[in-house]
Amino acid sequence: MHKPNILIIDALNLIRRIYAVEEKHTQDPKALIIACKARVHNACARLLKLKRFQYAVAIFDGRNSWRYQYYPKYKFSRAPMPEILKANLQHVASGFELAGIAVYYPENDEADDVIATLSNKVTQVNLDSTIVSTDKGFLPLLTQTVSIYDYFQQCFIEEAQVEKKFSLNTLQLIDFFALVGDKTNDIPGVKGIGKQTALTLLAQHGSVDNAVTAETLESKVTQKLQSGIDDFILSKALLTLRTDIDLGISLRDLRISTSLVAES
């Protein structure tokens, strides 16, 4: 017997990539938005065929996030959403609802934290979840009950695949990202520690906590860690997804609307 499964879509991650593709082929703004909505609807139809989903939701970002208060430079250099898409986002998002998928707009929380919270909550009630996103920040969530699907590569991301790519297990990824930083989100990392040093450090010591107290750590690395420990703590806090948000929704709200699917 199959366990109940919930499809959780990182809505803007999907929409902005679809928009970027359509923008290259469609110059007329109205036609562009219509095409994006159709692509979102078609994407949902394909995603719903991946597994026997009983529930599904597309999650957007709220108006603000604790990360901007904690670190004002967070996502400081990221390009803003294109004005055409911003003005028509609700219309594009209706493609989710036409496919029978609920849409969730948090007040202030980022989609990443909402997705992590929802995935954690459904795991506690013995449901599996499938997160649809290309964001590497979700990789630490991978377990036997939490899957990650890359819609644009049309593949599930496996733990073994992650370990082969990073030479680390999923539990070490947050320490790794916090050491090297994340340029796409303007997260600093530790100055002077690159990918290879971070990999070596974590391979030998398992975690930064262990490395900081290790007597065998190379002196140059020790010095960089000691001088950059505040940036590491900051970066790790920014990169760690929350799982304790009060969502104010129930599974009943996220049940797939089969009548809408049939009509579409």
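What the table shows:
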item	result
For the chain, size of Cβ-based charge dipole, Lys and Arg +1, Asp and Glu -1, in debye	580
Pair-distance profile P(r), taking every C-alpha pair of region 7-74, with 5 angstrom steps and integer %	3, 14, 19, 17, 15, 13, 12, 6, 0
Cα→Cβ-extended label distance, 7 Å offset, between K195 and R242, nm	3.2
Over region 50-107, equivalent-ellipsoid semi-axes from the Cα gyration tensor in Å	27, 16, 10
Space enclosed by the convex hull of the alpha-carbon atoms of region 113-264, per residue, Å³	145
E218 paired with R16, simple spin-label distance in nm, labels 7 Å along Cα-to-beta-carbon	3.5
Region 118-199, dipole about Cα centre (Lys/Arg Cβ +1, Asp/Glu Cβ -1), debye to the nearest 20	240
R0 of 30 Å, Cβ-Cβ distance E163-V103: FRET efficiency to nearest 0.05	0.30
Carbon/sulfur fraction of accessible area - the chain, other protein chains in place, 1.4 Å, %	51
Residues of region 66-149: accessible area per residue with a 1.4 Å probe, Å²	47
Gaussian network model of the chain, springs between alpha carbon atoms under 10 Å - residue of Y151, Y68, Y104 with greatest fluctuation	Y68
Among T26, T243, T170, residue whose mean-square fluctuation peaks in a GNM of the chain (springs only between Cα atoms under 10 Å)	T26
Cα extents of the chain along the three principal axes, largest first (Å)	66, 48, 33
FRET efficiency, 1/(1 + (r/R0)^6) with R0 25 Å, evaluated for T134 and K86 via beta carbons	0.75
Efficiency of FRET from Cβ geometry, L50 and Q204, R₀ 51 Å, rounded to 0.05	0.85
Potential lengthening between Q144 and D186 on full extension [0.36 nm per residue; Cα-Cα distance subtracted]	12.0 nm
Rounded to the nearest 10 Å², the accessible area of S219 at probe 1.4 Å	90
Top of P106, P72, P140 by mean-square fluctuation, Gaussian network on the chain, Cα under 10 Å	P72
Pairwise label distance in nanometres, K73 with S94, each label 7 Å out on the Cα-Cβ vector	4.3
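The values are calculated or read from the model by the stated rules, or taken from the named source; none is laboratory data. Just so it is clear, the structure is predicted and the values come from calculations on it, not from any experiment. Positions of Cβ are backbone-derived with ideal geometry, glycine not excepted, and every protein chain shown enters the neighbour counts. Please note that ligands, DNA and RNA were not included when accessible areas were found on the heavy atoms of the full protein model with its side chains. Shrake-Rupley method; radii C 1.70, N 1.55, O 1.52, S 1.80 Å.
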